[in-house]
Every structure is written in structure tokens, then in C-alpha cells.
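The values are calculated or read from the model by the stated rules, or taken from the named source; none is laboratory data. Everything quoted here is computed from the prediction, not taken from an experiment. Cβ: placed from backbone, ideal geometry, glycine included. Neighbour counts: every protein chain shown.
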There are 2 protein chains.
Amino acid sequence: MPTIKDVAKKAGVSISTASYALNHLPNVHPETRKRVFLAAEELNYYPNGSAKNLKKRKTGNIGVFIYGFSGPIFSDVLEGIRHKLQENNYNIIVSSGKSSTNLLQERQVDGAVIFDAEITDLDLSAYASHGVPIIVLDRKLEGPNIYSSVIENDKLVYQFVNQMIKKGYHDFAYVSGPLDAFNNNQRYEGFKKALKDKNITNHQYYQGDFTIQSGYEAGLEIIKRKDRPKFVFCANDESAIGLIQALNEANINIPDEIALSGFDNIYLGQYIKPKLTTIGINHILWGEKVAEAMINIVSGHTVEKIEKPVGEIYERETC
Amino acid sequence: MPTIKDVAKKAGVSISTASYALNHLPNVHPETRKRVFLAAEELNYYPNGSAKNLKKRKTGNIGVFIYGFSGPIFSDVLEGIRHKLQENNYNIIVSSGKSSTNLLQERQVDGAVIFDAEITDLDLSAYASHGVPIIVLDRKLEGPNIYSSVIENDKLVYQFVNQMIKKGYHDFAYVSGPLDAFNNNQRYEGFKKALKDKNITNHQYYQGDFTIQSGYEAGLEIIKRKDRPKFVFCANDESAIGLIQALNEANINIPDEIALSGFDNIYLGQYIKPKLTTIGINHILWGEKVAEAMINIVSGHTVEKIEKPVGEIYERETC
DNA sequence: TTGTAAGCGTTATCAG
DNA sequence: CTGATAACGCTTACAA
């Protein structure tokens, strides 16, 4: 593996001149620069990242640390982040599990976007206070060098449920996500508030965990009941899809007998039968906004607030 | 940000002793070690990755460079890789786009797994010959320091189609993936060979691109025809799902009027109606095998062949 | 058991 | 415009 020393020698210049030339600094004779580039080309030289980063005290890498690699909404957010970072010559590094912590602690990233509830608030605060700025997604956390960006889950659900009540629905059920999921809880708050404001005093509740399977199981329970709800709000699209499957199998008409909706607007929702009514935000755009904020932060600009992604209701065939 | 120097000073030892202690080398007095760890703890010290990597000439990072962050099979492969790497104290770094090339060139990874057709053979060969071992997935590439791991697409499809012929199907159609997709081409080869070996001389062909949408469009065309095929083999599950949707909307019974199948065994296939017959390999396991091979490679062991992931037929309701 | 010092491959300061 | 040279923060002979 050639180093800058080899390049310099081949070009017949000093190491520092080689460095200047390769980094496009102005103070280099065009002729010299050409020789250096030629040498680099011939040797197939690329700078060693570790050395460069050590010296410059920054890596140009932004870490995105997520809980797992699956999940349809992750991919869109990641794509948005990637796009914006690439536009600004930053590298995106996505990781998960123990690697996340390692990369963060060893400062192999200049900043970190956290989409992983497994990393504790305490740890995040520690990393942030030691110099790596952090943006947490879908989670509330304050502190020096820490920023957070959350969807307005509660507000969106509130609006939507309100709309459904106006449409004539009264008997609601909620299929929940995991109890420790921030976004599930916010969605549930919005749901309850909407009912309360219209004096609807009770509703059914089914515990799920955001998976298709759990929605399916909730469906099975609903089918068994005498007092079936007229409208089931599912905390995310996956559970709604599971629910649809259960109702389909039992030949219960959607939306006539039971109407329902999800949250997230995943790609698939348009391709099932009936097409899923849902609430969605533009995740790619969200990713872009987050990346934009991160770029500002790591380049020393002050960032007050990260622009909130706006949501939208997609009324399709399930209600 | 504290450095090892600060830790050493605080513990009242030399830098090297601090280093020895922190790295669990045996030649340190227990008492001294304790003091060093205490100091590190109090200062909240973590070693600087760039410095460490520079000195050790390895990073402990394995890069996984993919085309995009979406795709249901990616996530499983990634999960398998992550799991195995973590078990062996390597970090996983997933990236995409320009970042991939940067990280590779600057040697911020000790090895790279490539799942991205956009990076050319030529470039890969160059990186590999410059010291970073490379494993390409679902792609054929040879050279020093380059390894490849491919599914037996052709063989699996051959077996499956054969089975369908035995079941009595004669009029086949193929819904293709992108023409430049290695796995699509392999699958098509297997498909054609199975027909040929049974003296079935022709079949219909629909060009698609692995998306639900393209499968849906193929379905629309099929519906229009007088001579509809009896069995449609879709190059992947997504296109099969699109096809199912089109047939469902046209009230064409699956599998009685038209049978079909996909490839990949994505999660969703079990949750649509009718449940999708497909061919799948265990992607998590595949990821694990690949990671295992990579670990062997970067730790200097010779690796002859990467274990081939075995496939399985999931016969469900669409045929 | 501990300390000194060289060096990993860069960048950047300072003289020339 | 170019070249010595001192860091960056760590590991690791080698010496003590």
C-alpha cells in the first residue's frame, strides 16, 4: 500500500508539497501538481483515513445507529440522510448493536443520529458531552450537544380520529405497539384525547408489538367478541395489515363491518386488499432535514430547532 | 476529550503503562492496573479510534456496501452479518453510494462485503489488490483477495419448475427482473433449462424490474391476452405480489385459473391472499456464513470456498 | 514491573 | 512556490 511518501518520492517533491498538491491547495505550481497527481495515479494512491482523521481531528463520517436493519421506515429515513450527506461530502455509516457504541466511543464519527431505543439516555448524554453531537429520532432527550427530532404523532392521530368521529364512527379500538415505544405512546395519547374531546368515554384496547403477527392476533380476538368495535386504529401499518388478514379470513367486510387504519404509510399498504388508510410522513424528507441539521451542527453553526416533518392522511379503502 | 496521556498523568504512571493496563496485558501490577482503570473511569476516557487504527494498521471494522437501504432481503443478510461480526468483536459498517467507495479507499475497513452492482468489477479489483479483501454477493468476480458467494438460483428454479411440470403445468410465463441483474439471469436460465429438458418449446416473457408495480403491470398484460399462461414464474416475490394484486382485481382465481410463484421468501409472502408459493434461502444464515468467511480472511486464514446457502421451496397457496 | 522513545501516515506551521 | 519538521493519540520494541 503506497503512502504519500511514495508519491512524493516518485514525483520528486517533498511530502508536504505532495500533500498540498493532492489537497488542491492553491500554492502549488501547476506543473508540480501535475507530476504529483500522475505519481499518485500510477501508484494507485489513496490517503489513509486513520492518519488523515487523526491529524485533522475529524472523520467526515456521520453515524446512523439503528436498532435493527429491517423496518420499512428506516430505509426511507436512511435514504434521505444518505442523499443529503453525500451532497455535502460526508460519509454515512450505518450500524447496529455493539458496533454503534464502539464507533461512537472511539470517535470514528463526527456526529451520530440515533434511532435505537436500546442505547440509554445516560450513555448518549455521556457521548455527547464528550464531543460527539447527537440527534435522537422519535425520542425525547435534552442536554448539551443533544438534539431531538420527533414526528407529531399525537397531533396527527388526534386529527385523524377526529375526522373519523365526524364521519360517524363511535365504537373504537386501539391496537397498540410496544409499551415502551415512544411513538406508540404518543399515538395513543392523541387517540385518547380525540375520543375524550368528543365525550366518547371508552374504547377497546389490544396489546400488540408493531408486527404483522400481533395485528393478526388482535384480529382473532376482535372476531371472537360480541361487541366488535366499528373502527380499529392500529398503532402502525404492519399491525393493521395483520388485522386485515384476520378479518379477510373471517369474511368480515372492511370497512362496512369493521373499518380500520394504520400509521406510517409503508409502501405495501397500497398493495393489499383493501388498500390501507393510514397516516404518513415523508420519511425521505425527514432524513434529509435531519442530515441537514447534523451537517450544520458538526460544522459549528448553531442549530435551534430541527424542522419537524409534516404528516398527511392517506384515506384509502379501509374506512 | 481526554487522551491516554491524561489518564497516565492522573494515575501517576507512564503512557505505556497506562496503555498496557487498559489493554489487559499481563505485565502490569494489579495495583497499578486498578489505578489506571480508575483514572480512565473518572475521566470518562475512551481511546481514539483513528490513532489506534493508524498504529495497529487495522480498524476492526468490516464494511458492508449495499445499493440502497431498502429491500427485505438485505435486512436479513445484514442481520446475519452483524450478529456474527459482533460475536467476534468486529464492527459492522453499512454504507451506500459514494461513502462506500470513500471508506474502502481510505481503508477505514479491514474488509468489505459488496452487495451493490453499481461498483464496477474494475474498481473492486483495484481495491482488493491494494489490500482490502472483498467478498461479492450474488455476483461473479475473481481475482486476488476477492471472494464471491452466490445463491444457486439456477439450480433452485430448475428444481422447482420441474416439480411444477410434473404437477401438470405446461403453459408457462416468466416475469423478469432487470436484465442486468445477475440473480435474475441465473433464475431465467434455470427456468428455461427446466422447460427445455421437458421439451416445452415456448413460454411467454414479461419484462419487469423486481418491483411490485412491475409485477402488477405484467398482470394487466396477462389478463388482456386470450392465451393466458397457466403458470407464471416471477423472478422475485415483489413482482409476484404485484401480479397477485392484478389477478385479484380481475377476479381471476389463483391458482385454479392461473398459478404463480416468486423467489426470495420475503416475510410478507405469508400475509397476502392467497399465500405466496416461493423459493427461499435463509438469508440470516447466509449473512452469518459470509461474515464467518470474512473474519477468517482478515485474520489471515486461507479461505477456499464460502459455504453456499441452501435453498428451500415453500409451497403455499398460489400453485 | 515500569518508562523511554520510535513510528503509524497524515496535515499544517514556519522558514526559506 | 517548496521543504523541514512538529504534531495528532496511540502501540510496542527495547531499556531500565
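Take A:K34 and decide whether it is more than 7 Å from every other protein chain (Cβ to nearest Cβ) and either touching a residue at least 60 places away in the same chain (Cβ under 8 Å) or of a type outside the set (D, E) (or both). In short, yes.
Are any residues in region A:41-52 free of Cβ contacts under 8 Å to residues at least 24 places away in the same chain and facing chain B (nearest Cβ under 9 Å), and if so, which ones?
Of the residues in region A:41-52, the ones free of Cβ contacts under 8 Å to residues at least 24 places away in the same chain are A:41, A:46, A:49-52.
Those that are free of Cβ contacts under 8 Å to residues at least 24 places away in the same chain and facing chain B (nearest Cβ under 9 Å): A:Y46, A:G49, A:S50, A:A51, A:K52.
Taking the stated definitions as given, is A:R57 within 12 Å of chain B (Cβ to nearest Cβ) and either within 10 Å of DNA strand D (Cβ to nearest atom) or in contact with a Phe, Trp or Tyr (Cβ under 6 Å, 6 or more places away or on another chain) (or both)? Explain how you work it out, then say what you get.
Numbers: within 12 Å of chain B (Cβ to nearest Cβ): yes; either within 10 Å of DNA strand D (Cβ to nearest atom) or in contact with a Phe, Trp or Tyr (Cβ under 6 Å, 6 or more places away or on another chain) (or both): yes.
Considered against the rule, which asks whether it is within 12 Å of chain B (Cβ to nearest Cβ) and either within 10 Å of DNA strand D (Cβ to nearest atom) or in contact with a Phe, Trp or Tyr (Cβ under 6 Å, 6 or more places away or on another chain) (or both), A:R57 comes out as yes.
Residues in region B:65-124 that are free of Cβ contacts under 8 Å to residues at least 40 places away in the same chain, farther than 17 Å from B:L137 by Cα and of a type outside the set (K, R): 8 in all. For the residues B:G68, B:G12, the requirement of being more than 11 Å from chain A (Cβ to nearest Cβ) and of a type in the set (G, A, S) singles out B:G12. A:K84 meets each of the listed conditions (1) touching a strand residue (DSSP E or B) at 6+ places or on another chain (Cβ under 8 Å); (2) away from DNA strand D (no atom under 16 Å from the Cβ) apart from (1).
Listed conditions (1) surrounded by fewer than 24 Cβ atoms within 10 Å (Cβ to Cβ); (2) more than 12 Å from every other protein chain (Cβ to nearest Cβ) are all met by A:T278, apart from (1).
Taking the conditions exactly as written (over 30 Å from A:A194 (Cβ atoms), crowded, with 16+ Cβ neighbours inside 10 Å and more than 13 Å from chain B (Cβ to nearest Cβ)), does A:I119 satisfy them or not? Lay out the reasoning, then the answer.
Working: over 30 Å from A:A194 (Cβ atoms): yes; crowded, with 16+ Cβ neighbours inside 10 Å: yes; more than 13 Å from chain B (Cβ to nearest Cβ): yes.
The answer is yes for A:I119.
Screening region B:236-272 for residues that are in a loop (DSSP other than H, G, I, E, B) and under 25 Å from the mean Cα position of the chain (by Cα) and picking the one that is nearest to the other protein chains (Cβ to nearest Cβ) gives B:I272. Among residues of region B:5-36 being near DNA strand C (Cβ under 10 Å from one of its atoms) and under 30 Å from A:P133 (Cβ atoms), the one that is surrounded by the fewest Cβ atoms within 10 Å (Cβ to Cβ) is B:I15. Cβ separations smaller than 7 Å between residues 6+ apart or across chains give the following pairs from region B:144-164 residues that are assigned by TED's automatic domain parsing to the domain that holds B:K198 to residues that are surrounded by fewer than 19 Cβ atoms within 10 Å (Cβ to Cβ) and in a strand (DSSP E or B): B:F160/B:I313. Checked against (1) of a type outside the set (F, W, Y); (2) on the phi > 0 side of the Ramachandran plot; (3) touching a helix residue (DSSP H, G or I) at 6+ places or on another chain (Cβ under 7 Å), B:I284 meets all criteria but (2).
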